[in-house]
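Worksheet for the structure shown next.
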Amino acid sequence: MHPITMSKQLVVISYPDLLYSYKTGLVLASSMNASGSKGTPKIIESVVKRLKEGVEKCMAEHRTSALAISVVTKEQVVWEEVFGYLDREQKRAVNPNTLFSIQSTSKLITALAFLMAVQDGVVNLDDKLVTYYPEFRVRSRWGDSEGDRITFRHLLSHQSGLPQFTRVGGCFDDSPHTFEEHVESVVGTWLLAPVGQRFNYSNIGFDLVAYTLQRITGKSFPEYVQEKLAKPLGMTSLTYGSIEVAKDPNHVIGYEWGALPVEFNCTLGYGCGVAWLSVSDLTKLVQLLVNHGNHQGNQLVQPELLDEMLTSQIKGDDGYSYGLGVFIKGIDIRAIKHDGGGFGYSGSLQWLPDHGIGVVVETNNEGHFPCATSQADKAIDLMLEALGVERQEPTPETLATGPAVSVDPARLKRLEGVYSGIMGTLNIKLRDGKLFACLGSSENELTPHSEITFTGKFPSALKFAFDTKSSKHPSKLTIFRTKGVGLEDLFYLQPLTKEEPQGPNKPHWKQYVGLYRMYYYGSQPSHLGVAIKDGHLVLKSFAGVTKLKEHETIKGVFFTPTGGSVVFEGNRLYNGNCPAIRVDDPVQDFSRIASRGKRDRLLQKFVVDFTAQILEFLDRKEETEALRAVKSQWS
């Protein structure tokens, strides 16, 4: 009989190689290292202790009330534990079977499901979408048939040219709908780039994969994933969609910025982000990945297909990239990951295939994403340290070699432009003979180390590349980031259109000017401003001010420098398919809600302050002052 230690707070059953705490759900393979050989228990115990201290501190700092974490090797679960409560009101404790929304980490599951269909011989990665979905039609500035070129490889690597959202469903439309209605509303969407030209993160792309698998297999996507992946792994908690999750009382309530609970809605993006799992089942998933598709001696996914999944699909990449449903990171150590965040939740799943280490962290706090990612990064870092793996982190100085130099402004000017890539957009501007990197509303001066290499506060280091010596402008810009454990190192951006100093100021644009309100998750308000500045129609949002360019022949259809569409229809605008409605009297709206004396998302300080900024941007000074006066009365 195994010895049992009793205490008032904890019951521990002691095994030779395993320690399990019934109170916390802790599993500690204290005498095993990553390769399965005998190791030093104290080293692993130290790793868990340091991680636990970091988790508790991070939760307190970021107002996170629930967190689940699991650290694994190929053979063992090093640590699995849950912290906090299902909700703040009743303070019901979480447990290892509690459901967390994994958001965009769902894309990894979608990619695995598709690869298993490829494995079964019913579809191929390079098959065209229209072969299985002939009704699929999108609008394009590169020819009416451009969308016919989209393959599943394009969809799974975010290179289809599709935007992130559709008009029905997603993060900005809470109206009742089915999964099929959500996906089929993509018809008529404007492509933002030619197919296969560049990376653009697209939720609808992954939903199209799931939708097409339904057509191919004759089963709903959740049924197919249950059959092919969940049941073989024993993942009994896998649930798709908040409507089904609401039936299970053992789920975590998500919070926006750690403050307000997110209201459940009917979003059904099966392929992109509505999977829910417990940490105990996420442990099984990450161990499958660490073991390269092998589960307890059964090869669920062929190694060559997983190799393809972990291969960069982005042309010209050699550092930070995207495979099929996964991000690929690392200069000195290869790391695979997919984070997920939205609807009040955030998390991170990561693994190092060459070192046999995996980690997953899930939280119920969307706004403070670093609480999840920082703990996942820390877990990987500490496990590498325990294995004796020495890291050779690059620094900005080594990435952009040489001392600071002076560069002719004429040579710097050729670098100007708006760049778009895997991590968003960056505007490179020249002012007073100095180069600046502009991200949103922030500007950071860059220090030249040569005509093509620079360092700065952010990005840490940049390097421009030209196709040939005679090229007038760069073909790409590489951004180097050194924070973390090599999981965020560098990524590529591609140059887009040059900015025009003075716009045409067309008379019919006046009808589009105004304040517009949109809702995240059907409940969280945000505002946009449309104005005419320097002859350009411009859009102001949290991301900054963007100049719009109207379609050559279709009035009311505009495009951002990065290719996204902004479409005006009556009193609505669709910003990349995300709906917003014009608000003619915002002060009255705020005053009416404030008079009720109830807590309302519209009255959050950052919402009111940013609305006032937009009104000021629109030169509506009286309303700006009135709104700030109303705010002072209820604040």
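The values are calculated or read from the model by the stated rules, or taken from the named source; none is laboratory data. As the structure is a computational prediction, the values presented were derived from the model and not from experiment. Here Cβ is always computed from backbone atoms with ideal geometry, including for glycine, and neighbour counts include all displayed protein chains. Ligands, DNA and RNA are stripped out before the accessible areas are found, and what is left, the full protein with its side chains, is counted by its heavy atoms. Shrake-Rupley method; radii C 1.70, N 1.55, O 1.52, S 1.80 Å.
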Considering each residue of region 184-236, count those that are small (Gly, Ala, Ser), open to solvent by 10 Å² or more (accessible area, probe 1.4 Å) and under 23 Å from the mean Cα position of the chain (by Cα), and give that number.
-> 2
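Go through the residues of region 161-174 one by one and say whether even a single one is in contact (Cβ under 8 Å) with a residue 12 or more places away in the chain and assigned to a helix (DSSP H, G or I). Even if it seems obvious, please write down each step before you answer.
First pass over region 161-174, keeping only residues in contact (Cβ under 8 Å) with a residue 12 or more places away in the chain: 161-174.
Checking the rest, the ones that are also assigned to a helix (DSSP H, G or I) come to none.
Checked region 161-174: no residue is in contact (Cβ under 8 Å) with a residue 12 or more places away in the chain and assigned to a helix (DSSP H, G or I).
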Sole exception among (1) out of contact with any strand residue (DSSP E or B) (no Cβ under 8 Å at 6 or more places or on another chain); (2) crowded, with 22+ Cβ neighbours inside 10 Å; (3) more than 24 Å from residue 217 (Cβ to Cβ) for residue 165, by number = (1)
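For region 513-565, which residues satisfy the criterion of being among the aromatic types (Phe, Trp, Tyr) and farther than 19 Å from residue 623 by Cα? Spell out how you get there, then give the answer.
Looking only at region 513-565, we keep the residues that are among the aromatic types (Phe, Trp, Tyr), and these are 516, 519-521, 542, 558-559.
Scanning region 513-565 gives 519, 520, 521, 542, 558, 559.
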List every residue pair whose Cβ atoms sit under 8 Å apart, with the two residues 6 or more apart in sequence or on different chains, where the first one lies in region 507-536 and is exposed (fewer than 15 other Cβ atoms within 10 Å of the Cβ) and the second, anywhere, is assigned to a strand (DSSP E or B) and at pLDDT below 95.
-> 533/545
Of the residues that sit in region 430-448 and are open to solvent by 40 Å² or more (accessible area, probe 1.4 Å) and modelled with pLDDT under 90, which one is farthest from residue 541 (Cα to Cα)?
-> 443
Given the structure, is residue 70 among the small types (Gly, Ala, Ser), in a helix (DSSP H, G or I) and either surrounded by 23 or more Cβ atoms within 10 Å (Cβ to Cβ) or out of contact with any helix residue (DSSP H, G or I) (no Cβ under 8 Å at 6 or more places or on another chain) (or both)?
-> no
Mind checking which residues of region 591-635 are at pLDDT below 90 and of a type in the set (Ser, Thr, Tyr)?
-> 591, 595, 632, 635
Mind telling me which of the residues 137, 153 ends up being surrounded by fewer than 19 Cβ atoms within 10 Å (Cβ to Cβ) and not in a loop (DSSP other than H, G, I, E, B)?
-> 153
Out of all the residues in region 347-370, which are at pLDDT below 95 and among the polar types (S, T, N, Q)?
-> 364, 365
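Which one of these is closer than 20 Å to residue 302 by Cα, charged (D, E, K, R) and not in a helix (DSSP H, G or I): 126, 144? I'd like the intermediate steps shown before the answer.
Details: 144 fails: closer than 20 Å to residue 302 by Cα.
Unique residue meeting the criteria: 126.
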Condition check for residue 605: surrounded by fewer than 16 Cβ atoms within 10 Å (Cβ to Cβ), under 27 Å from the mean Cα position of the chain (by Cα) and charged (D, E, K, R) | yes
Would you check if there is a residue in region 449-466 being surrounded by fewer than 21 Cβ atoms within 10 Å (Cβ to Cβ), within 23 Å of the chain's Cα centre (by Cα), modelled with pLDDT under 85 and in a strand (DSSP E or B)?
-> no
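Considering only residues that are at pLDDT 95 or above and not hydrophobic (A, V, I, L, M, F, W, C), which ones fall in region 559-574? Working first, answer last.
Kept after step one, since they are at pLDDT 95 or above, are these residues of region 559-574: 559, 565-574.
Within region 559-574, 565, 569, 570, 571, 572, 574 meet the criteria.
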Residue among 621, 547, 533, 631 that is closer than 30 Å to residue 203 by Cα and charged (D, E, K, R) = 547
